[in-house]
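Take a look at the structure below.
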Amino acid sequence: MLNFSIRNVSENDVDTILFFINQLAEYEKLSDQVYATKELILKYGFGDRPYFEALLAEDDQKKPLGLALYFFTFSTFLSQPTLYLEDLFVLPEYRGNGVGKQFFRELMSIAKQHNCGRVEWSVLDWNEPSIQFYASLGATPVNGWTVYRLDQKAIDTFRID
């Protein structure tokens, strides 16, 4: 039985946040798309207007086991906030020990505190272990919706003629 706890991150956790971002990118085969730096994490996570919040799972010796990074959006149809889970990552050697489930317990508590009408996240189509985990929690895919994105280059060169 693994003993662990989950807590909110602080500015002192920036290196750990960056570590988990890189671990997740490697797992998702997207390492070439990581531009995160300690400076950017500090600026956007702990600056005047934080754009994200995060939870950190640690064992009894304070060894990091996983990270859940989230932020709030707003649903116009529900007229309520939405907790958007941007990233959830548990180190492979600690999966199956309840860390992911505990993250979701904490996230649901946070969603209730903020009167969220829903909690959403994305998962890569090929990530079958995660899809099965989310289904075991009662989550369902949102059929009929496709994610669209404008990247930094598209933002910088955006024009409507």
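The values are calculated or read from the model by the stated rules, or taken from the named source; none is laboratory data. Every value quoted in this text rests on a predicted model; they were computed, and no experiment measured them. All Cβ positions, even for glycine, are placed from backbone atoms using ideal geometry, and neighbour counts span all protein chains on display.
Quick one: which of Val14, Val99 is in contact with a Lys or Arg (Cβ under 6 Å, 6 or more places away or on another chain) and either surrounded by 15 or more Cβ atoms within 10 Å (Cβ to Cβ) or modelled with pLDDT under 95 (or both)? If you could, list the steps in order and put the result at the bottom.
Working: Val99 fails: in contact with a Lys or Arg (Cβ under 6 Å, 6 or more places away or on another chain).
It is Val14.
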Glu128 passes all but one of the listed conditions (1) farther than 15 Å from Ala54 by Cα; (2) of a type outside the set (Gly, Ala, Ser); (3) under 16 Å from the mean Cα position of the chain (by Cα); the exception is number (3)
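Filter the range 20-66 down to residues that are among the small types (Gly, Ala, Ser) and in contact (Cβ under 8 Å) with a residue 12 or more places away in the chain and give me whichever is farthest from Thr82 (Cα to Cα). Talk me through it step by step, then tell me what you get.
Let us first name the residues in the range 20-66 that are among the small types (Gly, Ala, Ser), namely 25, 31, 36, 45, 47, 54, 57, 66.
After this cut, where a residue has to be in contact (Cβ under 8 Å) with a residue 12 or more places away in the chain as well, the list is 36, 45, 54, 57, 66.
Details: Ala36: 24, Gly45: 18, Ala54: 15, Ala57: 23, Gly66: 22 Å.
Going through the qualifying residues, I end up with Ala36.
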Within the range 1-81, which strands (runs of 3 or more DSSP E) (wholly inside it) include 3 or more residues that are in contact with a Pro (Cβ under 8 Å, 6 or more places away or on another chain)? 53-59, 64-75
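Among the residues of the range 114-131 satisfying the criterion of being assigned to a loop (DSSP other than H, G, I, E, B) and of a type in the set (A, V, I, L, M), which is nearest to Gly100 (Cα to Cα)?
From the range 114-131, those assigned to a loop (DSSP other than H, G, I, E, B) are 114-117, 122-127; that's our starting set.
Imposing the further condition that a residue be of a type in the set (A, V, I, L, M) reduces the set to 123-124.
Values: Val123: 14, Leu124: 17 Å.
Checked the range 114-131; the qualifying residue nearest to Gly100 (Cα to Cα) is Val123.
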Only one of (1) touching a Leu at 6+ places or on another chain (Cβ under 6 Å); (2) part of a helix (DSSP H, G or I); (3) buried (at least 18 other Cβ atoms within 10 Å of the Cβ) fails for Phe89. Which number is that? (2)
Counting only residues that are of a type in the set (Phe, Trp, Tyr), under 23 Å from Asp15 (Cβ atoms) and under 17 Å from the mean Cα position of the chain (by Cα), how many does the range 66-122 have? 4
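Kindly indicate whether Leu69 is touching an Asp or Glu at 6+ places or on another chain (Cβ under 6 Å) and modelled with pLDDT of 95 or more.
On the way: touching an Asp or Glu at 6+ places or on another chain (Cβ under 6 Å): yes; modelled with pLDDT of 95 or more: yes.
It is true that Leu69 is touching an Asp or Glu at 6+ places or on another chain (Cβ under 6 Å) and modelled with pLDDT of 95 or more.
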Scanning for something surrounded by 10 or more Cβ atoms within 10 Å (Cβ to Cβ), at positive phi and not in a helix (DSSP H, G or I), does the range 132-153 turn up at least one residue? no
When Phe77 is evaluated against the numbered criteria (1) of a type outside the set (Lys, Arg); (2) surrounded by fewer than 17 Cβ atoms within 10 Å (Cβ to Cβ); (3) in contact with a strand residue (DSSP E or B) (Cβ under 7 Å, 6 or more places away or on another chain), which criterion, by number, is the only one it fails? (3)
